[in-house]
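Everything below concerns the one structure shown next.
Values in this text are rule-based calculations from the coordinates and carry no lab data. From a predicted model like this one, the values you see are computed outputs, not experimental measurements. Virtual Cβ from ideal backbone geometry, glycine too; neighbours counted across all protein chains shown.
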Amino acid sequence: MQALTNKSIAVNRSPMTFWERLYLINIIKGMMITFSHMFKKQPTVRYPEQKREFSPVFRGLHVLNRDEQGRENCTACGLCAVACPAEAITMEAAERQEGEEHLYKEEKYAAKYEINMLRCIFCGLCEEACPKDAIYLSETFAPANYTRKGFIYDKNDLLIPNTLTNATELAKAKGVEA
Amino acid sequence: MTLLALDWAIIIEKLILIVIIVLTTLLITLYTTFGERKVAAILQDRPGPNRAGPFGLLQPLADGLKLIMKEEIIPTSASKWLFILGPGLAMTASLMTSAVIPWGTEIHLFGRTIELQVADINIGLLYVFAVVSMGVYGIMIGGWASNNKFSLMSALRAASQAISYEIAMGLALIALLMSTGTLSLKTIVADQAAGHWWNVVYQPLGFLIFFICAMAECNRTPFDLPEAENELNFGYHQEYSSMKLGFYLFAEYVNMIMSSAIMASMYFGGYDLPFFDETTVAPNIAAIIGVGTLLIKIVLFVFLFMWIRWTIPRFRYDQLMNLGWKKMIPLALFNMLITGAIILSKS
């Protein structure tokens, strides 16, 4: 029969010699191997202090984006909610009032915007569906919580800090330690 | 009024010595458990426990605290007194060996000469052997009293293993006793310290046999059949919880330290620091150096135990018995014969 790979090694079935039967030599060989591992570099990432970088395509926790004037991009069109295969997104639209132009970019905005992080599968379809560049998947993940309610993220949790009024907090949220 | 014509100071002196030895042993044991985890980790390219305190040094305290805080469970079907007796017996038996180990030469304090050995009995080796055989009672009683099939199975294994390897161990000791000509551990160590070669030079095969048997007596991997997790769940301490379990786990490490101390004393010169003339320094300093040397030797042996544990997989039960009865005992007999022949040809 032809071998499937060239990795297979024929097993030596000849009877063991006296020295092999003593096992001691092989035990010492094995111990040398384990001993050599004492000086090997540990691949461990010491987690809370030391974090591994995510890949650039990592899809993490959602953020709701603002434009360069600090206004919310979201117009509550609902395309993300439609695109969401896990039905994790709910929203309620509201009309922009007079004098709120510095808060919302367009005439309609999301009064309520909630993502259930227990339902979300982080597929990123909401990000693709959004015509207004309003929702993005960031490079962090949802932290642990004690209640299921705690995993329903509302606008306070999702909206990124205002670029103009709260630059330091934005930097912190981005993970760029000041 | 003298009831007993005893030197009361010697009793106080010995009591203090016993307390110091037991406390030191327990402290070292505490850190041996930590060392075991650290050694295992380092051999497997892991960092090991490093969260509790600097370098994880408070880990043993955390472990102990956890064990104490756990609920104490005595199964309803267990035989209660034996169940409680088991861990205590295991611990006592393992600590009792420390009585005959010469920890150093002697210290001169307050005009008294204090021997750093609790009891220099002239049958030291026999005493060690007797106490080591007692060690299996803790496991047997614990396993039997648990009224659990796995525990019983494990206790049976431990008993048969201990009995099998004790024979070879005893035979290895007889060969040593033939070459040293004394049963007193103090004399054995003193002879080695007094310029002779260490006994391991005269008894290499005997040492190897004794070492393997000691490993089997301590239930260490590759001989940890009584604790074979994949076959027996947890072994003889399956039904134990809280500090009773802690005692069993602790006793294993105390056993390890004690057998290391015995091996260091009998084969590796005990408190003798090689290439160093003890007479050049003050006797008290020499004694302290001696104690330090013995401790270093113990640590090295304990490391060897751990190193072996994390290298070699467990034996199968028939392999264990094969090794014990068909290899170790004939080898030990052969060793005895050779020793006898050499002694005869010399005289």
Longest principal axis of chain A (C-alpha) makes with the long axis of helix A:24-36 (C-alpha) an angle, in degrees to the nearest 10, of 30
What residues have an amide H closer than 5 Å to that of A:Leu159, excluding those fewer than 5 places away on the same chain, when H is modeled at 1.01 Å from N in the peptide plane? A:Leu64
Treating cross-link reach as a plain straight distance, find the lysines whose alpha-carbon is under 22 Å from the alpha-carbon of A:Lys112, omitting any fewer than eight places away in the same chain. A:Lys132, A:Lys149, A:Lys155
Please state the shape class of the protein assembly as shown: rounded when a/c is under 1.5, otherwise prolate if a/b exceeds b/c and oblate if not, all from the C-alpha gyration tensor. prolate
For region A:1-57, the count of lysine pairs 8 or more apart or interchain whose alpha-carbon atoms are under 22 Å apart comes to 4
Just in region B:96-190: which chymotrypsin sites (Phe, Trp or Tyr not before Pro) are loop by DSSP and have at most 12 other Cβ atoms within 10 Å? B:Phe110
Which of the trypsin sites (Lys or Arg not before Pro) found in region B:13-85 are loop residues per DSSP with 12 or fewer other Cβ atoms within 10 Å of their Cβ? B:Arg51
Exposed loop sites here are trypsin sites (Lys or Arg not before Pro) in DSSP loop states with at most 11 other C-beta atoms within 10 Å. What is the longest stretch of chain A lacking them? A:53-147
Evaluate region B:175-327: find the radius of gyration of its Cα atoms, find its Kirkwood radius, and give the ratio Rg to Rh. 1.05
Extend 7 Å from the Cα of A:Arg46 along its Cα-to-C-beta direction; within region B:24-40, residues with backbone N under 17 Å of that point are B:38-39
Across chain A: Cys residues that no other cysteine approaches within a C-beta distance under 4.7 Å: A:Cys74, A:Cys77, A:Cys84, A:Cys120, A:Cys123, A:Cys130
Bin all alpha-carbon pair distances of region B:100-248 at 10 Å intervals from 0 and give each bin's fraction as a whole percent. 11, 31, 27, 20, 10, 1
Note, region A:37-52: 3J(HN,Hα) by Karplus (6.51, -1.76, 1.60, θ = phi - 60°), whole Hz, Gly/Pro = x, goes 6, 5, 9, 7, 6, 7, x, 4, 9, 6, 3, x, 7, 10, 10, 7
Calculated FRET efficiency, A:Ala86 and B:Asn50, Cβ-Cβ r, R0 51 Å, to nearest 0.05? 0.85
For A:Leu118 and A:Thr140, calculate 0.36 nm times their separation in residues minus their Cα-Cα distance, and state this gained length in nm to one decimal. 6.4 nm
Compute the normalised compactness of chain A: alpha-carbon radius of gyration over 2.2 N^0.38 Å, N being the residue count. 1.78
Residue-wise HN-Hα coupling along region B:45-62, computed from phi with Karplus coefficients 6.51, -1.76, 1.60 (Hz; x: Gly, Pro): 6, 10, x, x, x, 9, 9, 7, x, x, 6, x, 5, 8, 3, x, 5, 4
